[in-house]
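Each remark here refers to the structure printed beneath this line.
The values are calculated or read from the model by the stated rules, or taken from the named source; none is laboratory data. Worth saying up front: this structure is predicted, and the values here are computed from it rather than measured. With ideal geometry, Cβ positions are generated from the backbone for all residues, glycine too; neighbour counts draw on all protein chains shown. What goes into the accessible areas is simple: the full protein's heavy atoms, side chains included, and nothing from ligands, DNA or RNA. Shrake-Rupley method; radii C 1.70, N 1.55, O 1.52, S 1.80 Å.
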Amino acid sequence: MSATILPRLALLAAAGFLLASPIAANDSEAEIGLGGIVLKPSSDLRLLSEDLFISEEKVTVDYVFENPTDDYIETTIAFPMPGQPRGLIDTSYAYYEESQDWSGFDFATRVDGRPVRLLQYDRAMIGERDVTEQVIANGFPVYWTDTEDGNPFDGASPQRVAEALEKGLARRDDPQFEGRVVPAWEGVTYFVREQGFAPRSKVRVSHEYAPMVGGSVGGALYPQYREDSEYSSLPEYRARYCVDDHFLAGVDRRLAAKASGENVQAWMHETWIGYVLSSGANWNGPIGTFRLVVDKGSTENLVSFCMNGVTKIGPTRFEVVKTDFEPTRDLDILIVKFASYED
């Protein structure tokens, strides 16, 4: 598996599905000002180790931070949850009628074994621009869906729509929404806490939660879609998930096995999980020891992600261990499941 991790896909043209956003992120030092939450590098604190476990059901991450100075340091620590797909419901069936924010995902944090309370900040972002105050002042929701009740511009007066378009808070040129006027912003959530570090001390921090995952019934990895040069999304899969020929051969073998009976059709389901590693580079120096374990859930499933040095450590688990690790890009994980039905 390659170490290259490229930006997320915009569109699976062959399958007709959009990809979901990542579900988690590394801790990072932050500051909260009038313009929103800004992640910033730490000039003093070190991240000695990070132990990360990712599966479809659970994500856990354990850190050991160090304050190597003779001073007591108190700072704001943010765990940023990347923006969900714009419009949410049109992006993946998995989100249908589900919570749009992160409050229902059992996010829990412990510091040196003791539970701590986090503050949840929901921000409306257009790219890197924080427009939360404008959105709230106009009575719009930070999180929205492309539905009659979820899109604030459905049924709005022409004047209100025109004003939002003029301010850049709405747009109608997004091909995903077929010319409908929709919000221009995405909802982004930060879990924030104040953290103290005694002089010459080490602090252990743990996060655990049930992830929000994206997925599709079907997908662009069926042979007929891969071979269609006009609509094939295989190059994007190779870039984002490091899908290789060995993985594709495994897809074909499993589909053939599931469709071996008379009038039996095979189908597959893709699950997309992401984790923002890049914010882990905000500490003083590299991550001393980094360990990643990915669990694909079943021996029948296939998994692919971009990271070198991958070792299989169990029937469904894969491990990566690195020293002096400096993440520069984010992690995207593809899990493919297979089933059959009678035609």
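The figures follow:
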item	result
Every residue from the range 295-328 that is hydroxyl-bearing (Ser, Thr, Tyr), over 18 Å from Arg238 (Cα atoms) and either free of Cβ contacts under 8 Å to residues at least 12 places away in the same chain or open to solvent by less than 60 Å² (accessible area, probe 1.4 Å) (or both)	Ser298, Thr311, Thr316
From Thr91, Thr69, Thr76, residue being modelled with pLDDT of 80 or more, out of contact with any Lys or Arg (no Cβ under 7 Å at 6 or more places or on another chain), among the hydroxyl-bearing types (Ser, Thr, Tyr) and farther than 22 Å from Thr289 by Cα	Thr76
Cross-chain or 6+ apart pairs with Cβ under 8 Å, the range 180-201 first and farther than 12 Å from Ile77 by Cα, then among the aromatic types (Phe, Trp, Tyr) and open to solvent by 20 Å² or more (accessible area, probe 1.4 Å)	Gly187/Tyr143; Thr189/Tyr121; Ala198/Tyr72; Pro199/Tyr72
Odd one out for Cys242, checked against (1) buried (at least 17 other Cβ atoms within 10 Å of the Cβ); (2) out of contact with any Cys (no Cβ under 6 Å at 6 or more places or on another chain)	(2)
Selected residue (only one of Leu234, Leu169 is at pLDDT 80 or above, touching a strand residue (DSSP E or B) at 6+ places or on another chain (Cβ under 9 Å) and open to solvent by less than 30 Å² (accessible area, probe 1.4 Å))	Leu169
Count of residues meeting criterion [within 22 Å of the chain's Cα centre (by Cα) and assigned to a loop (DSSP other than H, G, I, E, B)] in the range 151-197	3
The range 275-301: number of residues that are of a type in the set (Gly, Ala, Ser) and assigned to a loop (DSSP other than H, G, I, E, B)	3
Test: residue in the range 257-274 that is basic (Lys, Arg), surrounded by 14 or more Cβ atoms within 10 Å (Cβ to Cβ) and either assigned to a strand (DSSP E or B) or modelled with pLDDT of 80 or more (or both)	yes
Residue in the range 130-138 that is part of a loop (DSSP other than H, G, I, E, B) and either of a type in the set (Lys, Arg) or farther than 30 Å from Val205 by Cβ (or both) present	yes
Residue within the range 154-164 that is in contact with a Gly (Cβ under 8 Å, 6 or more places away or on another chain) and at negative phi present	no
Answer residue from the range 275-294, given it is farther than 22 Å from Ser233 by Cβ and aromatic (Phe, Trp, Tyr) and is surrounded by the fewest Cβ atoms within 10 Å (Cβ to Cβ) among those	Phe290
